[in-house]
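Just below is one structure, and these are the notes that go with it.
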Amino acid sequence: MRIDEYLNVGHTTPVSFEFFPPKNDEGWTQLYRTIDRLRLMHPAYVSVTYGAGGSTRQKTVELTGRIQNEIGLRTMAHLTCVGHTRDEIAAVADQLWEQGIHNVLALRGDPPHGQTVFTPIEDGFSYAADLVAFLRERHDFCIAVAGYPEGHIQCLNRTRDLEHLKQKVDAGANFVITQLFFDNADFYRFRDEARAMGIDVPIVAGIMPIVSCAGIKRMVTLSGARIPHPLLLALEEIETDSDAVRRVGIEHALRQCQDLIANGADGIHFYTLNQSRATTEICHALGKAGQ
Ligand code: FAD
């Protein structure tokens, strides 16, 4: 079932959850426990990441199939261009399509470990827009792409980045999921500018509840998202009290979600890091458990 049919329809804002394929048995047990709890929040869909450098190719394909076909949740596979030729991408796309995964998040991916600039391999794709066009030709996928409210970490400026987002939509993307952000003003400006540029597909807001100071510092470095100064000061004051950090982080994410719903976000996508607690608390407070 296509995800775009569930966005921007009805009176409730759809929520979705992102998972990654675990590395060991303990991680798999934890993930299935998380999925068991989060399915009670009635997600419109869940998604499974594609490991850096294409490292989880088979795991991503298998896990999306298992979640959709055995657990019964609509599932989207992330797919990146890193290290793959066109033929390899075609093989992954065919495998997904054959097992009923018809929703794909098409990404360029980050440069492989140790490299700062993304260089396509021979007969590979340079940008996500190329991957979108390729997938659009291959199967009738519902295709999502990434958007960056504060600009992609490598972009020359935000307007140029939006022009590149427009290329992805023009190539056939059906909706956008944003990078995580902590200040809704960044999202609203991004959405307004995207609409003004003619990007008229649904734009889903990416939210990551802060649950630890170390974790969020790592995420900020990787994603380029800024932490608003008052939030940073509040977190620094309680840095050594992990329960207090979690409480402040969850309250902040809940306020973001309430405001996004009030301002007509097309959906909210939670970066769960395979943990259920923070996302469950927020979804409960948003009334998602009873829907
Ligand atoms: P693109 O849209 O190709 O953009 C990459 C950069 O190139 C941008 O700076 C853009 O402005 C620029 N650009 C685009 N087109 C052109 C052009 N024609 N000429 C010049 N410059 C251009 N990574 C993973 O490895 N696995 C995942 O599962 C994963 N999931 C993600 C999920 C979401 C919702 C998001 C927001 C990101 C995810 N990422 C993931 C990270 C993503 O791969 C990186 O942010 C990556 O650096 C960019 O991918 P992209 O698809 O946005 O690339």
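Laboratory data are not the source of any read-out in this text; all were calculated from the coordinates shown. These numbers come from a predicted model, not from an experiment. Positions of Cβ are backbone-derived with ideal geometry, glycine not excepted, and every protein chain shown enters the neighbour counts.
Structural remarks
- Short-range pairs are left out: with C-alpha atoms under 8 Å and at least six residues apart, the relative contact order of region 2-48 is 54 percent.
- Overall shape of the chain was characterised from the C-alpha gyration tensor. The equivalent ellipsoid obtained from it has semi-axes of 28, 22, 20 Å, in decreasing order.
- Length-normalised contact order for the chain - Cα pairs under 8 Å, 6+ apart - percent: 21
- Bridgeable aspartates and glutamates around Lys23 (alpha carbons under 18 Å apart, same-chain partners fewer than 8 residues away excluded): Glu62.
- Rounded to the nearest 20, the size of the Cβ-charge dipole of region 3-286 about its Cα centre is 240 debye, with Lys and Arg at +1 and Asp and Glu at -1.
- A protection proxy built from the mean count of other Cβ atoms within 10 Å ranks the segments 43-53, 156-166, most packed first, as 43-53, 156-166.
- Per residue, the Cα convex hull of region 172-226 amounts to 86 Å³.
- Each label point was placed 7 Å from the Cα along the Cα-to-Cβ direction; for Leu273 and Val9 their separation is 3.5 nm.
- Distance from region 160-194 to region 143-157 (C-alpha centre basis), Å: 7
- Highest mean packing first, where packing is the average number of other Cβ atoms within 10 Å per residue, the peptides 84-95, 69-80, 114-125 line up as 69-80, 84-95, 114-125.
- Helix-derived mean residue ellipticity, 222 nm - over the chain, DSSP H n ≥ 4, -39500 (n - 2.57), to 500: -13500 deg cm²/dmol
- Working from Cα pairs under 8 Å separated by at least six residues, relative contact order for region 115-182 is 39 percent.
- Ascending count of other beta-carbon atoms within 10 Å, so fewest first, for Phe270, Phe19: Phe19, Phe270
- Whole-angstrom Cα spans of region 146-291 along principal axes, big to small: 47, 38, 25
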